[in-house]
Amino acid sequence: MISKDFFKALELIAIERGLEKEKILDIMGRGLLNAYKKVHNTSENARISFNEEKNEIQLVADYTVVEEVVNPGEISLATARLRRKSAKIGDVITVKEKLKDFGRIAASSAKQILTQGLKQLERERAFEIFKEKENEMINTEIVALNRDFVTLDLGQNQETSLPRKELLKSDDANVGSRLKVYITKVEMTTKGPKVFVSRTDKNLVKRLIEQVCPEIHDGTVEIMGIARDAGDRSKVSVFSHDANVDPVGAVVGMKGARIREVLDSLQGEKVDIYEWSKNPVDLIMSALEPAKVVAINPDKKKQAALVIVKDKDLTSAIGVKGQNARLAAQSSGWKIEIKSISQAKEEGIRYRRLDSEQA
């Protein structure tokens, strides 16, 4: 059968839906073979081919010549000799079938298979696209919401639900609001891909910083550690592999332009950037900023450190509910214990001050 319209439609479907033509043709072939089976009770003897150059669809079937037809896939000797005079019992006759002869029910069945097959292809394609984006950040838009969830449009005709508790407290949770989210996991279900996203994952902060800092992309600056209390504060340690590049300055940007983009995406969450160092004293001092440190006793084997601060600075060094100390420890990779000068004296702890003053 010659059909220019079919192959034009095939091209459009492939482009509009982002699908491979070969896969669409495979589904179409299965649909036509199913239609053939509706008429002839079998399709095991049939095969279909598509020739795009000639705009031709061809379905042929092999029939075994018998005296009297008993089973599908057989042709009587008398009928066979109408096609080939020399035909004899046991020969195989190949017949070109006319697709238009399949009938309305068979055609409807073929259409149904094609429709279902295209939906499955689109699901598989969407899964591939989002699987590649797993552990990455994407832009989304809130398209619906209720008391417990917000529905996000992820693109590619794909939506997902995000529990309201996974939003930041300052997030603008209204239809039409745009949110950057981190894709934590992608699974294939019977209904298509299921994309799990988060606004609270610490890697969202990492991806936001990477997006605004070219020095991270080219390998000059590296994020060494990150800790987060989502919606409130994050601490990020950065290191420069080039002595001429200030890692903190690279991330913060001129007049804070780069880090401001990050903060805007996090709806006001505070982000502390500090320089990572091989020297544990320098590292821990930076990690605990803005707290002022009097002394640090590091234990490299245990990767733990005792930090001494002035009595008046103890509360700020530890932070509300221990936040500052906890985030410093998590982002630096060191266990950190903080004591005041008075506590150190009571416990007989010896230490050397980091400044020129005497203990």
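The values are calculated or read from the model by the stated rules, or taken from the named source; none is laboratory data. Values in this document were obtained by computation on a predicted structure and should not be read as measured data. Cβ coordinates were reconstructed from backbone atoms using ideal geometry, including for glycine residues, and neighbour counts include every protein chain displayed. These area figures cover heavy atoms from the full protein model, side chains too; ligands, DNA and RNA do not enter into them. Shrake-Rupley method; radii C 1.70, N 1.55, O 1.52, S 1.80 Å.
Miscellaneous remarks
- Listed by first and then second residue, the pairs linking a residue in the range 186-201 that is within 9 Å of residue 131 (Cα to Cα) to a residue that is part of a loop (DSSP other than H, G, I, E, B) and of a type in the set (Asp, Glu), with Cβ atoms under 8 Å apart and 6 or more places separating them unless they lie on different chains, are 186/134.
- Within the range 168-185, the set of residues being on the phi < 0 side of the Ramachandran plot and not in a strand (DSSP E or B) comprises 168, 169, 170, 171, 172, 173, 174, 175, 177.
Table: residues versus (1) outside any strand (DSSP E or B); (2) among the β-branched types (Val, Ile, Thr).
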{"position": "160", "(1), (2)": "no, yes"}
{"position": "187", "(1), (2)": "no, no"}
{"position": "204", "(1), (2)": "yes, no"}
{"position": "211", "(1), (2)": "yes, no"}
{"position": "244", "(1), (2)": "yes, no"}
{"position": "249", "(1), (2)": "yes, no"}
{"position": "260", "(1), (2)": "yes, no"}
{"position": "264", "(1), (2)": "yes, no"}
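- Number of residues in the range 306-359 that are closer than 15 Å to residue 289 by Cβ and of a type in the set (Gly, Ala, Ser): the value is 8.
- Restricting attention to the range 219-238, the residues being outside any strand (DSSP E or B) and not acidic (Asp, Glu) number 4.
- Residue in the range 207-217 that is open to solvent by 40 Å² or more (accessible area, probe 1.4 Å), in contact (Cβ under 8 Å) with a residue 60 or more places away in the chain and of a type outside the set (D, E, K, R) present: yes
- Of the listed requirements (1) surrounded by 15 or more Cβ atoms within 10 Å (Cβ to Cβ); (2) of a type in the set (S, T, N, Q); (3) at pLDDT 90 or above; (4) within 21 Å of residue 60 (Cβ to Cβ), residue 109 misses just one: (3).
- When the test is whether a residue is modelled with pLDDT of 85 or more and surrounded by fewer than 16 Cβ atoms within 10 Å (Cβ to Cβ), residue 75 does not pass it.
- In the range 265-285 there is at least one residue matching the filter, namely being loosely packed, with under 14 Cβ neighbours inside 10 Å, within 27 Å of the chain's Cα centre (by Cα) and not β-branched (Val, Ile, Thr).
- Verdict on residue 173 being among the aliphatic types (A, V, I, L, M), closer than 17 Å to residue 265 by Cβ, surrounded by fewer than 17 Cβ atoms within 10 Å (Cβ to Cβ) and without any contact (Cβ under 8 Å) to a residue 60 or more places away in the chain: yes
- Here is the figure for the range 18-65: residues that are over 27 Å from residue 124 (Cβ atoms), part of a strand (DSSP E or B) and without any contact (Cβ under 8 Å) to a residue 24 or more places away in the chain total 0.
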